[in-house]
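One structure is given below, encoded as structure tokens.
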Amino acid sequence: KLDESINETGVQIDKLNAQIANTQDVLAERMRASYMAGETSMLEILLDSSDFESFLTRLELLSAVAKRDNELISAYNSQIDESNKLVEQLNTQKQEQVDKQAAVEADRAKVVDSRAQVQAVRNSVDKKQDDVQKKRDNINSYISNLDQESAEWRIAVSKIQAQQEEFNKQQNSSLSKGDGTLNKSD
């Protein structure tokens, strides 16, 4: 919207500058004609007139020309004033656009910075998750090794117990078969 307003103001300024140039040309032509005609005073008009009616006609004509010249100068001044206001408005709009663009760039920089911070946190979380997973894998491996060693120990203890029971059975059976004397050999 601001770009449209700036463009519209620029078009208005261009139109007004064309009007100013046109008015300036008319005023320059009028000044040239006035210079070429020479300076005419009221006394000259009075003396050059053949009668009072001619004097009034010339005076009225001179007044009309002066009035038209004053209108041209007044229009020229008002066009310049309007042009200056439009240029000031255009400069204000351009400054507003620059300010808004700077604000947008600042916001964009904040977003980029926030994204970088989020990415850094995400990377940190991912690294911590990887570390936790490695520790979990190590613990599971250690538990698995302990389970395997525990099973081996149970098997070994079972074998020892079985051997112990076998030994005890053999001892009991040899004791029950014997006559209760010990043989001594020389």
(message) What's the number of the only condition in (1) open to solvent by 80 Å² or more (accessible area, probe 1.4 Å); (2) at pLDDT below 85; (3) closer than 26 Å to Ile20 by Cβ; (4) not acidic (Asp, Glu) that Leu47 fails to meet?
(response) (3)
(request) Take the stretch 87-101 and flag every residue that is touching a residue at least 60 places away in the same chain (Cβ under 8 Å) and not charged (D, E, K, R). (result) Val87, Gln89, Leu90, Gln93, Gln97
(message) Please go through (1) surrounded by fewer than 11 Cβ atoms within 10 Å (Cβ to Cβ); (2) small (Gly, Ala, Ser); (3) within 26 Å of Thr9 (Cβ to Cβ) for Ser78 and return the number of the only condition it doesn't satisfy.
(response) (1)
(request) May I ask you to list pairs of residues, at least six apart or on different chains, whose Cβ atoms are under 8 Å apart, with the first in the stretch 53-71 being free of Cβ contacts under 8 Å to residues at least 24 places away in the same chain and the second being open to solvent by less than 60 Å² (accessible area, probe 1.4 Å)? (result) Phe55/Ile45; Phe55/Ser49; Arg58/Ile45; Arg58/Ser49; Leu59/Ile45; Leu62/Ile45
(request) Go through Arg136, Arg154, Arg68 for me and flag whichever is closer than 30 Å to Ser34 by Cβ, part of a helix (DSSP H, G or I), open to solvent by 60 Å² or more (accessible area, probe 1.4 Å) and charged (D, E, K, R). (result) Arg68
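The values are calculated or read from the model by the stated rules, or taken from the named source; none is laboratory data. Because the structure is a prediction, the values reported are computed rather than measured. Note that each Cβ is placed from the backbone with ideal geometry, even for glycine, and that neighbours are counted across all protein chains shown. Areas reflect the complete protein model, heavy atoms only, side chains present, ligands, DNA and RNA absent. Shrake-Rupley method; radii C 1.70, N 1.55, O 1.52, S 1.80 Å.
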